Every structure is written in structure tokens, then in C-alpha cells.
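The values are calculated or read from the model by the stated rules, or taken from the named source; none is laboratory data. What you see is a predicted model, and the numbers here were worked out from it, not measured in a lab. Methodologically, a virtual Cβ is constructed for each residue, glycine included, from the backbone with ideal geometry; neighbour enumeration extends over all protein chains shown. SASA here: full protein model, heavy atoms, side chains in, ligands and nucleic acids out. Shrake-Rupley method; radii C 1.70, N 1.55, O 1.52, S 1.80 Å.
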Amino acid sequence: MIYIVEDLINGILMGSIYGLTALGLTIIFGVLKVINFAHGSLLMVGMYVAYWAVSLSGLHPYLTLLLVVPVMYLFGYYLQDIVIKPIFKAERDVREPITVIIVTTGVWYILDNLTLLIFGPQYRSIQDNPLRGKMLEIGEMMISVPKLWGFFAAIITAGSVYWFLQKTRTGRAIRATSLDRDAASLMGIKQYRVYNIAFGIGTATAGIAGVTLVPFYNVFPTVGVLFDIKGFIIVVLGGLGSIGGAILGGIIIGVIESVGPQFMTATWTEAIVYGLFLLVLFAKPSGLFGVKYEW
Amino acid sequence: MTRQKLQISSLVLVGIITFGLPVVLRSPTYLHILILLYLYAYLTTSWNLVGGFAGVLPLGHAAFVGIGAYTSTILYLQYGISPWLGMIVGGVLAAIVGIIIGLPTFKMRGAYFALATIAFGEGIRVMVENIDYLGPFNLNGPRGLQIPPLNVGLTNLMFTNKEPYYYIILVMLVAVLALTYSISRSKLGYYLNAGGEEPEAAMSLGVNVARCKLIAMAMSSFLTALAGTFYAQFTLFIHPKSVISLDLSFEIAFIALIGGRGSIAGPVLGALLLRPVGDFSRIYFGATLPGLHLIIFGTVLVLVMIFQPRGLQEPLTRVYHKLLDRLIPVPAGTE
Amino acid sequence: MKGRKISQNVFRGILVAICVCSLIFFAGTPSLAGPEVVKIGNIIPLSGPSASVGQQGKQVREMAVEEINAAGGIKSLGGAKLEMLYADSESKPEKGVAEAERFINTEGVHVLTGCWNSAVTYPTTAVAERYGIPFVVPVSVADKITEQGFKTVFRIAAKDSWWTRDQFAFLEDMEKEFNTKVKRLAFVYENGDWGKGFAGQWKELAKKGGYEVVLDEPYPSTATDLSPVVQKIKRARPDVLMLVSNAADAILLTNTLAEYKVKLKAIIASGGGHADPSFLEASGKNARYIFDIVEWETDVNKPGAKEANAKYKAKYGQNLTGEAVDAYLAMYVLKDALERAGSVDPAKIREALAATNLRGGPGMIVGYPAVEFDKTGQNKHAALVMVQINDIGKGIERITVWPKEARRAGYTPVFPMPEN
């Protein structure tokens, strides 16, 4: 019995981190209506920035957030502005610009391989950081401390973004644009600036996710690919555009991955995750918490 | 000479050149590159039936390649059935799977459809990787299946040199292009086109959009599976990561998109441009600057989409027509 | 008049004679200048998941070829130098096959080497066989590579069935030496060609040795979280854990095992990811006491080994690994064969390779005495050593412990693992 509880806890913690990685994806999709295939690469960039920040300064990993968040925000903002905006302008009348998907895939290839070229293929991890390998022992159960930190980071980030979208002017502008971009721009909201901001926020959350992973995970050029597909599955599960849905979707996946192997080999849990994904797509495509989009 | 005559004769000229190429070009490496080029052109043209005509973005077509490859290979290795027959069986199987996938997914729009096809593609790959035996059939999981190069000959679709492969894939490509052309001129083609652009309007006119899309999907998956068999017989080794990979699905879709989906020449043009770029950058840069060829590929993707989102066939067709105008000026008052 | 005509004729006659002689001379004797280079095509993963080991393979080949060329190249070919061509397989079989075709047909290589990933080597050797080009396989271990009945394949490393056999032999020796009984085994392995191959053999060997297999767990090498697998290991309470992992998952597993304080008598790894230098760097202290089976280790008691390692380390910043040494040796095996063949004709090179009996020279820094290929192209003498990762005062390092003759002087392996 205690095993299930221990696994459940690990699943929830790891799952919340998955949700955090997918948060940016759902924001970008909700607002821009595009699937950002470069999201895994953005996560990878966030991890490298965090890694170098910690290695060079010796700071506590979470302190590097002060650097990572603004850097990633600006990176995302300008990526959208320079690379993706022109396509939006070209496909003004298409309901959903499919070409953006291709561009983001191109960005993914470029980012991953540029990193390989510049930094090499080695697996890096931070050796002496205060979070490494620490476990919390409650009775017979062991809980990973860095994952616990990640859990709180995920909840706080999700909460902050939600508050931002609900309570601030910019947030409301973003929500208006995501509901109906033409109407919103008629009301004086600068559509493309909103897109830039949304992309910046999405990328910044990827940066935060990177910081949570760096204490216990390896950093290498193709690390983003592992989280990419998972991110899409989580976002569909939770509902594209729903922040709570992303975190919850992540937790569901995390729990399946943690509890599942007790009953079958780890390789089959992969298949189950895909199966669940397909089930949700067919039964309730808008996801658990998503709003039904008329598009 | 009329315009039409010029167009037809230039087409014939291209045909003669491509069919005659192996006589002049003796190097097996270049033949190999061309064979793969035609294969990709074939794959993207088949993809185009769904991705271009039906207006959706399927990103899981590698699954059909895999179905074709595995079906014919298993039938050949375990039962000695000729790959030609195995090809047809694989195609039918793929068509069935295609319809099963299409039924629920065509109801979804754009992004969801794309994600669903990704999930199907990956799901099938994960299953094949985990299963060693499906009933009496040996899939051999991740270790893959190797076809021993014995019993060479036409019946077994296995040859020691490249020329026969070249002609087979060339014929397949021409056939699929002709098929695409005739469909685009048929009722099915118009229905698909209408259904892609404005489904509600089309349905109100009595077009059974869903059925048309399923027909397109079935054809597309059938044809794609045939290529899978060809690939298996050409490389003589298949395993899940090479035939059912996400990379392959993406590459097929992107070549079509860059060339210009929805058009007939688009996918072929896309293959003509991107395959050599990928191959040559790997050959020249792969050893010194690893990953550079992928950076180049990615950059091409980004640039083409920014400047020519409808695909390269648009500007190229314009140039072609301009050329025709120069050669055969349209006299005032006629045509 | 007559005199002039005669001298003209004589003159013409001499001219013709000179021409005929030169023709015979040039046509009859083989080119004295000899070929200037021997072209060697190397197909290795330079990008993709095995890029790290692929790069090492390239670096060590360069080092060997530099030495060979500086020492005068291939003397029987008039001092011909070795020219190395590299192609990136991206760890994909179809790319390996395509590059092999290109190397053979366009570049005109005389020999091929590669491809590290067994899945790539397997079909690529078929291409070489079709064209009759000799193919030297330094590292790929899958049994079937030398079991295809090909005449042109020559493998330096031991087959994987020898690896698994030695892993179990080692275990039995350890049990005897330290008087510790081992009953429960856990097999955890990457879900690919390599892992599954090993696991299949382990299960057989376990049955023969009378061990109880308490866990048989394949896992996806690209998993983002391996704590569920570690939990399963912990709960199965095995005595010994046997692993087959690539670098990223090896690191993740090792760190997670340490985090969850899993108590085991021993961990036996299978090279590959565990032998990658990145592994030691990234797992640090957590890797202590792990046993790993490899072809070679830096402290092997062979002349030239230390010097070669120091040279490589000075140049590239890392120690040599067993796989790198295989590639290094492969270059010297090629040199030796080329010297004996005295020709760049692939058929002659192949024959020379088949007759190899290399017992000395700068390449033989491996632990075993000779390189000799049997009828299937397998190096009969290829042997393995078991190392233990430990810190005996000079930082974390890999120490050869088995076979006993190869054990580093003054070191006693730690078995079972202490309870810390």
C-alpha cells in the first residue's frame, strides 16, 4: 500500500514539472492558435542558460531565475517578432496558419543543432548544488527534494500566469485576442504586440521549467525532444489554452508513468500514454478543461 | 507550334531524359540518390492526396510506410510470398488502418488533426517496438528484420544493381502523378477541394465531405504502403525507428508543404529541392560540422515559409508560364 | 643520296625502336610511383544520440593515422599515406547504407570501418560485401554481424555473447573470492537491439548458474524520469543489478539509485553508456563501486598503453575508452594488413586481413595478446576486462579488477558494496 502512495507522490511531483514544461505550449496555442514545435528546444535553451548561470556563479539554482526569466522572455518575444510574425501577416485570412507549424519545426532543427555545434554532445549536470540528490524521508517513503521544489515552482508559476491573465490589463488584452482577434484589434488592442508578449511569457515559463529540471537532470542538445511530444499530449489532455489543465494534464501523465510500471514494464506505459491521448482526442477533444473552440 | 504542343513535348522530353539517365549516368551513388529522390517524390505525392487535396495536415504517414514494409517483409521471410503480392496486401492493410484513423480524426480541425496523426504514428511505432511476435508473425521488435540478398530477380523484387530499382520507382512515380492529375480533374477532386476550403458550404450543396476525405485517405495510405515495400526491398533492412519514425512523417509533410501542397508539381519540386540539399550538406559538412545539415534544412524551411508560404511551385509556375509566353507569344484575338 | 636515305631510315628505325621499348617498359612494369594514398572510409555517428562516442571514435582514428603517416605510411606501397574520409551515420541504418554506397562508388575507398551502432553496422556490412570491399568493425558487438556468412567483415571487439558470458564468469569468481553468495538478480536494460540482446542471453546464463531473476525490466532509453524503474529495483530486493544503458540513462539511473538509497551487493554494467567519459563526470561519487565490463582500461598492464592514453588525454581532454582503443587498434590492423598486401586491391587487402596475426606494435595496447580473425571474421583473442569505479585517493577512476592477472597492483575490489 505504501508503495502506491510513494509512487503517487512521485507521479504528482514529476507530473507538475511536466505540466510546467507544457504551460508555455498551452499559452502559445491558446493565444496564437499555433502548435509551437520548437517548444522542446526552448526548454533546452532554458536549461543551458540555467546550467551556465549556476556553473559560472555557483548560485543556488533557483536564484538564477532572476537571470533566466528575463532572458527567455526576451528571446521568445523577439523570436515571435522576427521569425513568426511575418508569416501571420502573410496568412492573414487563413483561420489557422499551418505554415507556422513548419516554421517552428525549422526553428527546432536550427536551435537543437546549433547547440550541438557550439556546445558539443556531452551530457552535463551540475555536481555541487544544494539540491542534488536530496531526499525527504517520511517514514518508509522517500521524496525527491528537487522535484518538490519543482512542484512548488510549477504551482506558483501557473498561479502567477493565471492571475496575470485575469487581473492585469495586458492579461485581459491577451485573453481578448485569444477569443477573437479581429474584434480585439477593432477595440484598439495591438494584435501582434499581444502575440509577442504571449510568446515571451510562454518561453519564460519554459525557462522556469528548465531551472527546475537542471538540479536533477542531464543537459544536452537534444534534451528538449523528450519533453516535446509529452508536452503536446499534456496540452491536449488538459485542454489547449487552459493553464490549470496543463498542470493537471501533466500530473495525470506523471502518475501514469510512476504507478504504471508497478503493474507492467516501463516500455508499455509509453503506449498507454499514447492510448490515453487518442482516447481524449476522440471523446473530448477540447480536453478536460478546455473551452470548446469554434474553429 | 501551339502552346499545348510545346508543353506536351517538353513533358515528353523530361520523360525521355529521366528514363534514359541510367544509360548515361553509370555511378551507383548518383543512381542511389536519384532513387531515394523519386521515392520521396512518390511519398509526398501520395501524401498530397490527403494533405493537399483534402486540406488537412497528416503528420503520421510514416506509419503506412511501416505497415507496407513490415507486411511484405514478414510475408516474404516467413512464407516465401513474393514482395509484389506482399506489396498489395500491405497496401490494403494500410488503407484499412487509414480509414480507421480517418473516421474519428476527420471530424477534428487543423491542429488537433495534426496531433492525432502524430499520436497514431508514434503509437504504432511504440507497439511494433515492444512486440516480438504478433500471433504467428515475427516482428522482432526493435531489432528489425533483415532480408538476405539471395534469390535475386524480378519475382522477388531484389536486384544486385541499381538500374531495375530506378525504373520501378520511376514508373511508380509517374503512375502516381498521373493518378493525382486525373483525380484533380474529377468530381472527387472538386469535392475534396470544396470540402477543404469551405466544408459547411460544400455540405450544404450535398457533398459528402467526410466520405470524400476517407476515400482520399484510403488511396493515400494504400499508395504510401507500396513505397514501404519498395524501401524494404531496396535497403533490405527495416526496423521501427527507420520506417515508422516521426522524422520521416515530418519530412514527407514538409517536402510537400515547401513544394506546394494541393498542386501536382509541388511535392515533386519540393523533393527535388530538399532532398539534394539534405544529402549534400550531410556529405560535405556532416563530418566536420555535425548537425550543420540539419541547421541548413531548418533554415530552408523557415525561409521558404516566410517568403513563399504557398510553396515554391507558385513562383516556379509563374516563371514557367513566362517562359512559355516568350517562346510562343499569344497573338491578339486568339485563345 | 643513298647514304642520306639510309641514315634517315636508321634514324626512323631507332625512333620507332625507342617508342616500342618505352611502350613495353611503361605498359609492362607496374607504376613504380605507386598509389599515393590509401583511402579509408569511416562511417560513424557524429550527430544524434551517439554523437559523443562517435566523436571519440573520430579523434582516436586521427591520432592513429597521424602516427602511422608520420612513421612513413605504408612502406610496401612506397610510403603511401592513409587518407581518412568520415561520414555521419546519425545512428540511422539507412544513412549508413547510403554513405557506404557513396564511399565505395564515388569516393573509391579501399577499405571501410564503422559504424558503432550495431543496427547501422549490420546492413552496412551487407553493402560492403556486395562490392567486395573489406570492412573492419572495431566496436559493434551484435553477434549476428559476423554470423552473416560474409567474407569481407572483420571485427575487432568481442561478440556480445562473450560479454555476457564474461559478466557471469566474473560474478562467480567474485562470489568465490569474497565468500559471498549471490542468489537474486535484477536485469534492467535499454529497450533497443543491444539491451534486448544482452537480456536474452542473461536469462539463459542465469538459468544455468542457478540464479533467481527477480526483475526483468526493459525501459525506454529516452525516458525522462527513471524513478519508477528504480523503485521497482528497490522493491524487488535483488542482490545484484545488471544494467545495459546508454549515457544519458546511465547517468540518470545511477543518480536516482543513489537518491533512493537502494542497497545492493553489486551493480554490473555493460559498457556503452557507462563507459562514456561523460558518465563519470556527470555521476561522480554516485558511480562508486559499479562494475563495468569493457575491452580495455587505462591501467591495463601493457607497454604503450599509458603513453597512448596520456597522448590522447593531452590532445582531447579525456581518457581513452575501450571502444576508442578498438578503433585505434583497427587502424594498426589495417596498416599491418596493407603492408602485407602490398596493394590497394580490395581482394588482396581482404586476404591480408584474413591472415592477420598481429602481436605487437603501437596498436596492441589491448589486454589480450594478439589479433587473429577466425573464418567468420571474428577476432578470436578479443577479451574483456572488468573494472570497478572507485576513488582511491586520486579522484574517481576506473580500476581494472578481472581477470585476476589483469588486476591493478595493490587494489582489492570492493565486493559486496559497503552499506553507506
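For segment A:24-222, the per residue solvent-accessible surface stands at 39 Å², with DNA, RNA and ligands left out and a 1.4 Å probe.
Here is the interface size for A with C: some 2900 Å² of accessible area buried, both sides summed, with a 1.4 Å probe. In the complete set of protein chains, residue-level accessible area for residue B:2 is approximately 80 Å², probe 1.4 angstrom. Taking every protein chain into account, the 1.4 Å probe leaves residue C:204 with about 110 Å² of accessible area, to the nearest ten. Among beta bridges from DSSP that stay inside the protein assembly as shown, the antiparallel ones total about 40%. Take the accessible area of chain B alone and of chain A alone, subtract that of the pair, and you get about 3700 Å² summed over both chains, using a 1.4 Å probe.
Per-residue mean of foreign Cβ neighbours for C:96-105 is 5 (Cβ atoms of other chains, 10 Å radius). Residues of segment B:257-294 that lose at least 50 Å² of accessible area (1.4 Å probe, protein heavy atoms only) when the other protein chains are present, relative to their chain alone, are B:282, B:283, B:287, B:290, B:294. Legend: residue pairs C:208/C:404; C:151/C:313; C:181/C:302; A:284/C:234; C:203/C:234; C:208/C:394, Cα-Cα distance threshold 28 Å; pairs beyond threshold, C:151/C:313; C:181/C:302; A:284/C:234; C:208/C:394.
Pairs of Lys residues in segment B:3-327, spaced 8 or more positions apart or belonging to different chains, with C-alpha separations under 28 angstrom: 6 in total. Axis of helix C:51-70 versus longest Cα principal axis of chain C: the two differ by about 40°, to the nearest ten degrees. Under a Gaussian network description of chain C, with springs only between Cα atoms under 10 Å, the residue in C:227, C:91, C:140 that fluctuates furthest is C:227.
Partner shielding of B:26-33 amounts to 4, given as the average count of beta-carbon atoms from other chains within 10 Å of each residue beta-carbon. Modelled spin-label separation between residue A:167 and residue A:272, with each label point placed 7 Å from Cα along the Cα-to-Cβ direction: 3.9 nm. Ranked by solvent-accessible area (1.4 Å probe, protein heavy atoms only, all chains present), the residues B:303, A:279, C:215 order from largest to smallest as A:279, B:303, C:215. Scan chain A and report its longest stretch carrying no trypsin sites (Lys or Arg not before Pro) that are both in a DSSP loop and have at most 12 other Cβ atoms within 10 Å. Value returned for the longest uninterrupted segment is A:96-291.
Over chain C, accessible surface divided per residue gives 38 Å², non-protein components excluded, 1.4 Å probe.
For segment A:216-235, accessible area lost to neighbouring protein chains reaches 50 Å² or more, against the chain alone with a 1.4 Å probe, at A:217, A:218, A:226. Shielding by partners for peptide B:104-115, expressed as the average number of C-beta atoms from other protein chains within 10 Å of each residue's C-beta, is 6. As a fraction of the 1.4 Å probe accessible area of segment A:119-159, surface on carbon and sulfur atoms comes out at 66 percent. Rolled with a 1.4 Å probe across the full set of protein chains, the surface gives residue A:151 an accessible area near 50 Å². Free of any trypsin sites (Lys or Arg not before Pro) that DSSP assigns to a loop and that have at most 15 other C-beta atoms within 10 Å, the longest stretch within chain B is B:186-335.
For chain A, a Gaussian network of Cα nodes joined below 10 Å ranks A:247, A:35, A:82 by mean-square fluctuation, and the top entry is A:82. The fraction of accessible area contributed by carbon and sulfur in segment B:48-150 is 74 percent, rounded to a whole number (1.4 Å probe; ligands and nucleic acids excluded).
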